[in-house]
1. Which residues, taken from the range A:1-16, are under 24 Å from the mean Cα position of the chain (by Cα) and open to solvent by 70 Å² or more (accessible area, probe 1.4 Å)?
2. Could you pull out every one of the helices (runs of 4 or more DSSP H) wholly within the range A:1-99 that has 2 or more residues that are of a type in the set (A, V, I, L, M, F, W, C) and under 28 Å from A:Val112 (Cβ atoms)?
3. Hey, can you tell me all the residues within the range A:271-300 that are assigned to a helix (DSSP H, G or I) and surrounded by fewer than 17 Cβ atoms within 10 Å (Cβ to Cβ)?
4. Out of A:Gly286, A:Gly247, I need the residue that is near DNA strand B (Cβ under 10 Å from one of its atoms) and under 19 Å from A:Leu89 (Cβ atoms). Which one?
5. Answer yes or no as to whether A:Pro39 is within 16 Å of DNA strand C (Cβ to nearest atom), of a type outside the set (A, V, I, L, M, F, W, C) and closer than 23 Å to A:Gly247 by Cα.
6. Condition first: open to solvent by less than 20 Å² (accessible area, probe 1.4 Å) and part of a helix (DSSP H, G or I). Now tell me which residues in the range A:100-117 satisfy that.
7. Enumerate the pairs (first residue in the range A:185-206 and small (Gly, Ala, Ser); second residue anywhere and surrounded by fewer than 19 Cβ atoms within 10 Å (Cβ to Cβ) and assigned to a helix (DSSP H, G or I)) with beta-carbon separation below 6 Å, excluding pairs fewer than 6 apart on the same chain, so at least 6 apart or on different chains.
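The values are calculated or read from the model by the stated rules, or taken from the named source; none is laboratory data. For clarity, every value in this text was computed on a predicted model and none was experimentally measured. Every residue, glycine as well, gets a Cβ built from its backbone with ideal geometry; the counts of neighbours run over all protein chains shown. To get the accessible areas, we keep the full protein, side chains included, count just its heavy atoms, and leave off ligands, DNA and RNA. Shrake-Rupley method; radii C 1.70, N 1.55, O 1.52, S 1.80 Å.
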Amino acid sequence: MSDLSALHDTILTWYAAQARDLPWRRSPEAWPWPEVDRPWAVLVSEVMLQQTPVVRVEPVWHEWMRRWPTPAALAAAAPGDAVREWGRLGYPRRALRLHAAATAIAQEHGGVIPANLEDLQALPGIGTYTAAAVGAFAFGIRSAVVDVNVRRVEARLVTGAEHPAPSLSAAETRLAEELLPAGDREAATWNVAVMELGALVCKAKTPQCERCPVLDACAWVLAGRPAHDGPRKRVQKWAGTDRQVRGKLLHVLRDASGPVPRSKLDVVWPDAAQRDRCLASLIEDGLVEPLARERFRLPA
DNA sequence: AACTCGTGGAC
DNA sequence: TGTCCAAGAGT
């Protein structure tokens, strides 16, 4: 197990047996929806999965693929439709950015998702992680996909720490690149396999070490599972924050079929100053469109 | 670089 | 309305 290729074999074998059957993971050969553009399906799934659990993403993803099977289809819709169909996935600016990305793909890339990391990352809402993920999973590009799961597996298995640092370091990316198998196809599968190991076994709060295929190689376990000493990512407050108020305002607008008078928004939060500030920020973000006579709606 | 941007489930 | 967490991005 000290050998890198043995580590590859062990985790890839575990993945082949234990991986969840998620729709956006279907291979091009096994893609069941001929009308749905597969790279687009992968891209949408990755944006939806940003900070959001799989179980909540899956039904929304299916509905998005039914309504908007290609970037051009979403680009032809109103941005407000994307926000409404986003439902309660959270961080609704992601829906707006997905719509903007679809527009950019339609107008600047001929409706074809660019198959290189630089052009992918230039799209709205696509950062380092998502560009690498789409590159690897949609196009087989050999690139390290470093999400929080990968970082946690690296921290425990290699570094011997219980948790990764609050933010991604260059050293972590370099380590992920060093661990990548040589072949393009193996590298792509390796990326998703390590992510899956972090999601199903090497969990943040309650690691399932008894189910871990690389337990005997884990630096953290071999060190006696020492408690975390460094700084952790701080947990954000929720109650009473602008994020809560924005969520309540947008909830009203999502559930309405047309324009909503201000009086319908006033009832969601007692603090008028905070309410007004949040409504203004939603308008500034492009998530809400103000109309005449104090009426509001999702953007047309 | 620290901060903001939703939401709901598991403890 | 407790704490922690979930395939981050943008500023």
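1. Answer for the range A:1-16, where residues must be under 24 Å from the mean Cα position of the chain (by Cα) and open to solvent by 70 Å² or more (accessible area, probe 1.4 Å): just A:Ala16.
2. Fully inside the range A:1-99 and qualifying: A:38-48, A:54-67, A:71-75, A:79-86.
3. Selection gives A:Ala272, A:Ala273, A:Gln274, A:Asp276, A:Arg277, A:Ala280, A:Ser281, A:Ile283, A:Glu284, A:Asp285.
4. A:Gly247
5. no
6. A:Ala101, A:Ala102, A:Ala104, A:Ile105
7. Correct list of pairs: A:Ala193/A:Leu12.
Quick grid of which residues meet (1) over 21 Å from A:Val148 (Cβ atoms); (2) within 9 Å of DNA strand B (Cβ to nearest atom); (3) assigned by TED's automatic domain parsing to the domain that holds A:Gly111:
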| position | (1), (2), (3) |
| --- | --- |
| A:Pro53 | no, yes, yes |
| A:Arg56 | no, yes, yes |
| A:Pro71 | yes, no, yes |
| A:Gly80 | yes, no, yes |
| A:Arg84 | yes, no, yes |
| A:Gly87 | yes, yes, yes |
| A:Pro92 | yes, yes, yes |
| A:Ala95 | yes, no, yes |
